[in-house]
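The values are calculated or read from the model by the stated rules, or taken from the named source; none is laboratory data. Only a predicted model underlies this, so the values are computations on that prediction, with no experimental measurement involved. Cβ placement follows ideal geometry from the backbone for every residue including glycine, while neighbour counts extend to all protein chains displayed. Surface areas here come from the heavy atoms of the whole protein model, side chains and all, with no ligands, DNA or RNA. Shrake-Rupley method; radii C 1.70, N 1.55, O 1.52, S 1.80 Å.
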Amino acid sequence: MPKRLSLSGYGASWSTKQRAAVVALTVVVLLAIAAAVAWFTSRNDHPSTGPAPSASHSTSPAPDASAPAPGPGSGSVPRPPQISEPVAYAKAVAAMLWSYDTRTTSRDQQLVGMQAWMTKEAKYADSASVSGQVPDPLLWSRMADQDQHATATVTEAHFPTAFKQALADHPSAITQAYIYVVTVNGKQTIAWKKGGGGAEDRAITLAVQCRPQHDCTLAAIAPTVTQ
C-alpha cells in the first residue's frame, strides 16, 4: 500500500530566528496562553500572537462551497479566497491543505500554490510550517506513481478556549498583529490506483492574519492541535 500524504505533520516547527522575531513583535500580556498555542512557544515557553475576536464568530458559516480556481503554476491547488473572517478563512485553508492531486500537480506546484495563501508580512509568516507539510520529492514521486489524490470535508472550526480567554483578558491586544488562532476539524478522503483508498479524521490549528479592510491570509500552521 502506498504511503499517504497527510499535509498536517511534516516539519511544522518554527526556527529560532522566526520565534525571536515574532516574540519581539507580540504583546507580552498574551504569555498566559503558551500551553494552549504550542507553536508560539519559545524555549522559555513564551508564546506570541494576537488574541481572537469575540466567541460569536466561532459558528460563522463556511465559505462558498465553490472552490476558487487553481492559480497559475499551482496545479490543482486553488487560489486563496477573498475572505475577511478568520474562522471562514481557516476552513478554506484546511480544505486546501487536506486536498491534493499528484496526477495533475507536481511537488513544486503544490508548494507554490500553498505559499500563495500566506501573509506577505515576513515578520509574521512562518513559511517553513507550510512548506514542511509537503513530503520530500522521492515520496511525492512514489505517490504520483500510484495516482494518489485526496479530497477534504471540513466539519467545524472554532477559536480555542485559551485564545478566547486571552481576548477577554486583554481585548486591545488584537491591534498588534491581527493574528487569530483557529482549530479546524474535518475528514480527508484518499484514493489511488486499482480502487485503493480510505478516509481519516483530520484536525489542525492555524494562525490566521485578518487585518481590518483586508482579506485574511495564513501566518502559520501549528505542530500540535489546540482545542
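Among the numbered criteria (1) modelled with pLDDT of 50 or more; (2) in contact with a helix residue (DSSP H, G or I) (Cβ under 8 Å, 6 or more places away or on another chain); (3) open to solvent by 20 Å² or more (accessible area, probe 1.4 Å), which single criterion is violated by P63?
Only one criterion is unmet by P63, namely (1).
Look at region 150-164 and say how many of its residues are free of Cβ contacts under 8 Å to residues at least 60 places away in the same chain and open to solvent by less than 70 Å² (accessible area, probe 1.4 Å).
Restricting attention to region 150-164, the residues satisfying the condition of being free of Cβ contacts under 8 Å to residues at least 60 places away in the same chain are 151-153, 155-156.
Filter once more, so that each one left must be open to solvent by less than 70 Å² (accessible area, probe 1.4 Å): 152, 156.
Here the count works out to 2.
Can you tell me which residue within region 175-199, out of those that are among the hydrophobic types (A, V, I, L, M, F, W, C) and either assigned to a loop (DSSP other than H, G, I, E, B) or within 22 Å of A219 (Cα to Cα) (or both), is farthest from the chain's Cα centre (by Cα)? Quick ask: steps written out before the conclusion?
Keep residues of region 175-199 that are among the hydrophobic types (A, V, I, L, M, F, W, C), which gives 177, 179, 181-182, 184, 190-192, 199.
From what is left, the residues that are either assigned to a loop (DSSP other than H, G, I, E, B) or within 22 Å of A219 (Cα to Cα) (or both) are 177, 179, 181-182, 184, 192.
On the way: A177: 17, I179: 12, V181: 10, V182: 9, V184: 9, W192: 25 Å.
So the residue we want is W192.
For residues that are outside any helix (DSSP H, G or I), in contact with a Ser or Thr (Cβ under 7 Å, 6 or more places away or on another chain) and under 18 Å from D108 (Cα atoms), tally how many sit in region 122-146.
Filtering region 122-146 down to residues outside any helix (DSSP H, G or I) leaves 122-126, 132-136, 146.
Within this subset, residues satisfying the condition of being in contact with a Ser or Thr (Cβ under 7 Å, 6 or more places away or on another chain) are 125, 133.
Then drop every residue that is not under 18 Å from D108 (Cα atoms), which leaves 133.
The number of residues fulfilling the criteria is 1.
Would you confirm, using the coordinates I've provided, whether A203 is in contact with a strand residue (DSSP E or B) (Cβ under 8 Å, 6 or more places away or on another chain), open to solvent by 10 Å² or more (accessible area, probe 1.4 Å), closer than 21 Å to S131 by Cα and modelled with pLDDT of 95 or more?
Details: in contact with a strand residue (DSSP E or B) (Cβ under 8 Å, 6 or more places away or on another chain): yes; open to solvent by 10 Å² or more (accessible area, probe 1.4 Å): yes; closer than 21 Å to S131 by Cα: yes; modelled with pLDDT of 95 or more: yes.
So A203 passes the test.
Give region 179-194 a look and list any residue that's surrounded by fewer than 23 Cβ atoms within 10 Å (Cβ to Cβ) and farther than 20 Å from A152 by Cβ, or say none.
Residues satisfying the conditions are K193, K194.
Out of all the residues in region 103-128, which are open to solvent by 80 Å² or more (accessible area, probe 1.4 Å) and in contact (Cβ under 8 Å) with a residue 60 or more places away in the chain?
Matches in region 103-128: K120, K123.
Consider D145 carefully, then state whether it is acidic (D, E) and modelled with pLDDT of 95 or more. Write out each step before concluding.
Values: acidic (D, E): yes; modelled with pLDDT of 95 or more: yes.
When the stated conditions are applied, D145 passes them.
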